[in-house]
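Structure first, then comments.
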Amino acid sequence: PALGVTMMMPDEDRYSQSRLEMLDSMALSMGGRVAEEIIYGPDSITTGAQNDLEKVTSTARNMVTTYGMSFKMGNMAYGKSDEHVFMGRDFGHSRDYSEEIAADIDREVKRIVDERYNLAKELLLGNRDMLEVISKELLERETLDEEEFVAIMKRVEESRHPHDM
């Protein structure tokens, strides 16, 4: 029922993620929305990126408010969690900062999300040939596993530099 899903399989068990890994993951998650905009134009984007946008925004907010991973906001945790979770809902989160700080947090979250979106766009525009080949393959076959994806990317890369073979 999903219209488009990208699943990344971990190479190893992980208990933590670095700032750069989180930023890379966010850019990857923006790929679907960016691809829609590139292929169909900004007026034809769909609701298909909803979950990706939620995840990216949540990750950026956690980087800023929980993990101290924002250079602008510093090594601080903003907001208190009372750790009372009921039926999967966190009712125990309270704000312990001013409206001014809240506005700074919102601006920093937006900056991070916009930066990741722009990186995804730059990468896809620079590799539009790969985007178009993969799009056609997905329209024909619906799913690609890692091996198939890598083989297609190699084929496109080789067609860019046929004299290097």
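Every number here is computed from the coordinates shown, using simple stated rules; none is lab data. As the structure is a computational prediction, the values presented were derived from the model and not from experiment. Here the Cβ is made from the backbone with ideal geometry for all residues, glycine too, and neighbour counts use every protein chain on show.
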message: I'd like to know which of GLY68, LEU23, GLY48 lies farthest towards the positive end of the charge dipole of the range 20-72, counting +1 on Cβ of Lys and Arg and -1 on Cβ of Asp and Glu.
response: GLY68
task: Pull out the extension gain between TYR67 and ARG128, defined as 0.36 nm times the separation in residues minus the alpha carbon to alpha carbon distance; nm, one decimal.
output: 18.5 nm
